[in-house]
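Structure first, then comments.
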Amino acid sequence: MSKIIVLMGAPGVGKGTQARLLQERHKLPQISTGDMFRELAKEKTALAEEVRAVQAAGKLISDDLVIRVVHERTRRKDCKHGYILDGFPRTTAQAVMLEHLAIEQGKKIEAIFVDVPFAELEKRTTGRRICPVCGEIYNIYSKPPKSDTVCDLHPDVKLTHRADDTAEKIKVRLATYEEQTQPLLDYYEASHRLHRIDGTRDPEAIYADIEKIVNRKS
Ligand code: AP5
Ligand code: MG
């Protein structure tokens with residue numbers, strides 16, 4: 001049975017970093033709801049304006065809209081042999097939807113919780129820089145680009161800093177996470193589908209643990 005790998009954890013724990021490694025090495029599509037909505041937010045529509053405001057405030061986009069987007073995306077051919085969900089589900093309603101989706105698609109859910117103390121997350125998020133062309137994720141403290149402001153692979157392109165990656169917005173995002181998403185960890189734990197991983201280590205050490213879960217036959 002193919003798997004739906006759910007990467008869970010607070011803002012900045014390294015979900016995107018690990019999802020990108022899995023996508024590259026396992027050819028499993030990375031479905032990041034955060035990235036999808038940041039793309040949508042670039043359009044010039046009323047919906048894009050609304051999404052941009054919600055993301056910038058560190059609040060959650062409505063379940064209705066997120067669920068529709070995930071449903072549509074996971075029906076595509078590239079998801080046939082499994083996929084990685086990065087940042088979904090984040091609410092009970094989203095988790096319920098995913099149960100139905102997994103049954104409908106004949107897939108098994110494996111929830112991976114990347115655990116990092118909140119105190120470390122401000123540095124990870126405020127220090128994050130992203131290449132707008134390839135999506136490569138840098139950090140000015142732990143993974144700086146070769147040159148201060150540009151991507152190693154795209155030297156003509158200036159790295160970007162997310163609008164919600166300020167010290168003030170991180171507080172709101174962490175509070176939103178604690179209130180709405182953290183309870184889902186108990187939900188997956190109770191059904192023996194939660195894998196806890198120490199996210200304070202080197203990304204490769206974290207990846208090695210995640211890979212074991214992805215490769216496990218069951
Ligand atoms: P989203 O984009 O999902 O943001 P997030 O959950 O807050 O997580 P981040 O992307 O900030 O962090 P990450 O865990 O991916 O860490 P990364 O690998 O980049 O969501 C943004 C917004 O979109 C939400 O606030 C909401 O508005 C909306 N949204 C998205 N999904 C939604 C949903 N399902 N429902 C409703 N609304 C939704 O790493 C962070 C930094 O740390 C990087 O600089 C990286 O280089 C560094 N780093 C990574 N790993 C390590 C390591 N092991 N050691 C040291 N540094 C590391
Ligand atoms: Mg991310």
Next on the checklist: Under the rule a/c < 1.5 gives rounded, and otherwise a/b versus b/c splits prolate from oblate, where does the chain land using the Cα gyration tensor?
Outcome noted: rounded
Next on the checklist: Tell me which trypsin sites (Lys or Arg not before Pro) from region 156-212 have a DSSP coil assignment and no more than 14 other beta carbons within 10 Å of their own.
Outcome noted: 193, 201
Next on the checklist: Given axes a ≥ b ≥ c from the Cα gyration tensor, I'd like to know whether region 1-125 is rounded (a/c under 1.5), prolate (a/b larger than b/c) or oblate.
Outcome noted: oblate
Checklist entry - So how far apart, in nm, are the two label points at residue 150 and residue 204 if each is 7 Å from Cα heading toward Cβ? => result 2.8 nm
Item to check | Relative contact order [Cα under 8 Å, 6+ residues apart], region 1-84, whole percent | outcome: 44 percent
Checklist outcome for this item: For region 89-94, in residue order, the Karplus 3J(HN,Hα) values (coefficients 6.51, -1.76, 1.60; θ = phi - 60°; whole Hz; Gly and Pro = x) are x, 10, 9, 4, 4, 5
Checklist entry - What 222 nm value per residue comes from the helices of the chain, counting each DSSP H run with n ≥ 4 as -39,500 (n - 2.57) and dividing by all residues, nearest 500 deg cm²/dmol? => result -13000 deg cm²/dmol
Next on the checklist: Just to confirm my numbers, what's the Cα centroid distance between region 154-192 and region 26-101 in Å?
Outcome noted: 14 Å
Checklist entry - So which of 123/171; 42/146; 3/59 end up more than 19 Å apart by C-alpha? => result 42/146; 3/59
Checklist entry - Among 155, 55, 113, whose Cα sits farthest toward the positive end of the charge dipole of region 50-187 (+1 at Cβ of Lys/Arg, -1 at Cβ of Asp/Glu, about the Cα centre)? => result 155
Checklist entry - Rounded if a/c is under 1.5, else prolate if a/b is larger than b/c, else oblate: which is region 172-212, with a ≥ b ≥ c the root eigenvalues of its Cα gyration tensor? => result oblate
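Taken together, the values in this text are just the output of simple stated rules run on the coordinates, not laboratory data. As the structure is a computational prediction, the values presented were derived from the model and not from experiment. Cβ atoms come from the backbone with ideal geometry, glycine included; neighbour counts cover every protein chain shown.
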